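This report concerns only the one structure given below.
The values are calculated or read from the model by the stated rules, or taken from the named source; none is laboratory data. Being a predicted model, the structure only gives us computed values, none of them experimental. Cβ coordinates were reconstructed from backbone atoms using ideal geometry, including for glycine residues, and neighbour counts include every protein chain displayed.
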Amino acid sequence: MSPSCYSRSGFAHCWWFSANVLKQCLGCAAQEATLRDRFPFHEHASPAHRALVANVVAGPAVEEVERLRRIALSSIDTGTTGGVTGSHWFGTMTVKINLMKTVEDRLAADLVAAAGIIRTQADSELLAVSLLTVLLLALTALISVICVRDITRPLADLSQAMVRLAGNDLETAVPALERRDEFGDMSRALLLFKESGARYRSLIDSAPVGVVIFVHGKIVLANRAAADLFGVESAESLVGKTIAELAHPEEVETAQERLDTIVAEKISAPSAERKIVRADGGIRDVGVRSNYLRWMGYQVVEAEDGPSALTFLKLQAPDLVITDLMMPGGMNGAELARQAKNQHPDLGFIFISGYADAANKVAADLDQGVRVLGKPFSQEDLAAALRDVLDEQRGG
């Protein structure tokens with residue numbers, strides 16, 4: 001009860017409660033009941049807390065407070081408080097309040113402990129969620145790295161293989177052939193390129209004439225015949241060399257201009273008559289080579305000089321003789337042709353000479369089946385002359 005519940009009447013004066021004082025007391029009791037009913041402790045409290053209230057807020061003091069309340073309420077009718085003093089009322093009520101304060105302290109301590117537990121759980125859950133988030137991010141990053149490596153590694157392998165193949169390294173293994181994705185398709189396409197390069201290389205290696213391929217002014221590929229032509233041990237020895245290193249000093253400028261023209265106009269008409277410097281230091285005129293004729297499908301027999309050729313002609317009759325007008329051995333091309341024609345009148349001749357007038361005069365004297373190729377000439381010129389002479393023989 002609040003102090004306003006007490007005046008000159010009531011327990012303080014050992015007198016009955018006046019109507020006004022009784023009204024105030026009833027109001028306080030109503031407020032207590034309202035709080036109890038609106039917020040029913042027993043419906044929300046735990047069994048332990050309900051037991052706490054039942055065990056602590058109990059006993060003689062609590063029972064005495066209830067008895068004194070009944071006396072106060074009945075004093076309006078009886079006109080007396082039964083000799084209850086104010087000190088007794090306040091003392092008894094103070095004991096009950098202290099009991100309720102004990103419960104309140106215990107409930108507050110339990111509430112703080114429960115809040116601590118909830119906070120600890122919340123912190124643990126937050127930590128777990130944070131760790132899970134970090135783990136997911138790390139896993140995502142790992143998956144991304146794996147995916148990127150799955151793309152970049154085969155791409156890098158393919159790029160390296162392409163570079164090596166472009167450098168004429170046909171022994172390079174093509175990676176990722178077993179894959180069934182776009183990289184596998186690229187690898188199989190690269191394998192076809194490699195196989196085509198190998199076939200191309202095989203054709204070049206088997207060519208009877210010297211073949212050299214230049215890229216940016218340097219040889220990147222040569223065959224065995226080219227090695228023989230330049231007097232080196234292997235075709236690989238020519239790789240990396242330039243025109244200036246191979247051509248005769250007098251021919252360097254002309255050879256370089258010819259090479260530039262071939263590259264610019266994308267033509268293939270190399271001269272069949274060039275001076276080159278052999279690896280042994282000697283100088284050699286590159287003229288008609290027997291290997292080239294064999295490559296064109298002709299059967300070829302070589303003779304060192306005119307007398308050797310006449311010796312062979314006594315045994316067999318070929319379709320055609322190719323000879324220089326000026327030869328070593330004491331016999332020139334004109335004399336060889338005259339004696340050969342005596343043995344084989346239908347024998348065809350092709351004269352090769354830098355002196356066109358003299359060669360044409362000899363050809364005119366011999367009449368049919370004779371052609372003159374002035375130096376320098378191309379392989380196409382030689383092939384055309386061969387066809388003309390042979391066709392003329394067949395037509396005759």
For G83, are the conditions met, namely being in a loop (DSSP other than H, G, I, E, B) and surrounded by fewer than 12 Cβ atoms within 10 Å (Cβ to Cβ)?
yes
Give the residue that is modelled with the lowest pLDDT, with candidates limited to residues of the range 37-52 that are under 14 Å from L111 (Cα atoms) and exposed (fewer than 13 other Cβ atoms within 10 Å of the Cβ).
H44
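Let's see how each residue does on (1) modelled with pLDDT under 85; (2) β-branched (V, I, T):
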site	(1), (2)
A173	no, no
D181	no, no
S187	no, no
F193	no, no
R199	no, no
I204	yes, yes
P208	yes, no
V211	yes, yes
A222	no, no
Selection over the range 80-121 where residues are touching a residue at least 12 places away in the same chain (Cβ under 8 Å), among the hydrophobic types (A, V, I, L, M, F, W, C) and within 15 Å of V56 (Cα to Cα) yields a count of 6
Can you run down the residue pairs with Cβ atoms below 6 Å, 6 or more apart or on separate chains, where the first is in the range 162-179 and closer than 15 Å to L192 by Cα and the partner is surrounded by 14 or more Cβ atoms within 10 Å (Cβ to Cβ) and acidic (D, E)?
P175/D157
Using the structure shown, decide if V21 is in a helix (DSSP H, G or I), of a type in the set (V, I, T) and at pLDDT below 80.
yes
What tally of residues in the range 354-381 results from selecting those that are surrounded by 15 or more Cβ atoms within 10 Å (Cβ to Cβ), modelled with pLDDT under 80 and among the hydrophobic types (A, V, I, L, M, F, W, C)?
6
Check off (1) without any contact (Cβ under 8 Å) to a residue 40 or more places away in the chain; (2) closer than 21 Å to M100 by Cα for S74 and give me the number that stays unchecked.
(2)
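To keep it simple, each residue is scored yes or no on (1) acidic (D, E); (2) under 23 Å from F377 (Cα atoms); (3) modelled with pLDDT of 85 or more.
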position: D305; (1), (2), (3): yes, yes, no
position: Q316; (1), (2), (3): no, no, no
position: D319; (1), (2), (3): yes, yes, yes
position: I322; (1), (2), (3): no, yes, yes
position: P328; (1), (2), (3): no, yes, no
position: G333; (1), (2), (3): no, yes, no
position: Q339; (1), (2), (3): no, no, yes
position: H344; (1), (2), (3): no, no, yes
position: F351; (1), (2), (3): no, yes, no
Kindly indicate whether any position in the range 150-167 is modelled with pLDDT of 85 or more, assigned to a loop (DSSP other than H, G, I, E, B) and under 16 Å from the mean Cα position of the chain (by Cα).
no
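Identify the residue in the range 383-396 that is modelled with pLDDT of 80 or more and surrounded by 13 or more Cβ atoms within 10 Å (Cβ to Cβ) and, among all such residues, is nearest to the chain's Cα centre (by Cα). Before you say what the answer is, go through the steps one by one.
Taking the range 383-396 first, the residues modelled with pLDDT of 80 or more are 383-392.
Filter once more, keeping what is surrounded by 13 or more Cβ atoms within 10 Å (Cβ to Cβ): 383-386, 388-390, 392.
On the way: A383: 51, A384: 53, A385: 56, L386: 56, D388: 59, V389: 61, L390: 60, E392: 64 Å.
Among those that are modelled with pLDDT of 80 or more and surrounded by 13 or more Cβ atoms within 10 Å (Cβ to Cβ), it is A383.
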